[in-house]
């Protein structure tokens, strides 16, 4: 039976810039905020463009709403990323090791902090801390696979 094989690789473009705030913790936090905030804003821009194309019209009011939504989502996701990156780096500095446990602990602390800032429910804070730890750990393990 004949068979064929496909071989290739896929790589994404590398966009990197350096921000020097004078402190490695601040540098990483601001870098995480800007990168993930930009991704979130771009996602909203793509969604809003799709909706405008589907409706077949663009208005000034719709454009203003889209820009506000881009800023809001960018700031929201950028803040979450900045807190997480800062917590992970802090865990690395405290523990003196660079491993998956920093991601787990950073995710748990970030999830708890962000949840506590937005609600008063203790059970929700604990669940969000567990979720943050699980997502961060999974992302770290996926990074090791590639």
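The table that follows gives values for the structure above.
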read-out: Gain on full stretching of the segment that runs from residue 20 to residue 64 - 0.36 nm per residue minus C-alpha separation; value: 12.6 nm
read-out: Share of alpha-carbon pairs per 5 Å distance bin for segment 23-76, given as whole %; value: 4, 20, 22, 18, 13, 9, 6, 4, 3, 1
read-out: Alpha-carbon centroids, segment 92-145 and segment 42-66: separation in whole Å; value: 34 Å
read-out: Relative contact order (%) - segment 48-146, alpha-carbon pairs under 8 angstrom, separation at least six; value: 22 percent
read-out: Efficiency of FRET between residue 42 and residue 95 - r from beta-carbon atoms, R0 30 angstrom, step 0.05; value: 0.30
read-out: Exposure proxy ranking, count of Cβ atoms within 10 Å, fewest first, for 128, 123, 99; value: 123, 99, 128
read-out: For 21, 87, 104, order by how many other beta-carbon atoms lie within 10 Å, fewest first; value: 21, 104, 87
read-out: Length released on extending from residue 124 to residue 27, taking residue separation times 0.36 nm less the Cα-Cα span; value: 31.9 nm
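Laboratory data are not the source of any read-out in this text; all were calculated from the coordinates shown. As the structure is a prediction and not an experimental result, all values here were calculated from the model. All Cβ positions, even for glycine, are placed from backbone atoms using ideal geometry, and neighbour counts span all protein chains on display.
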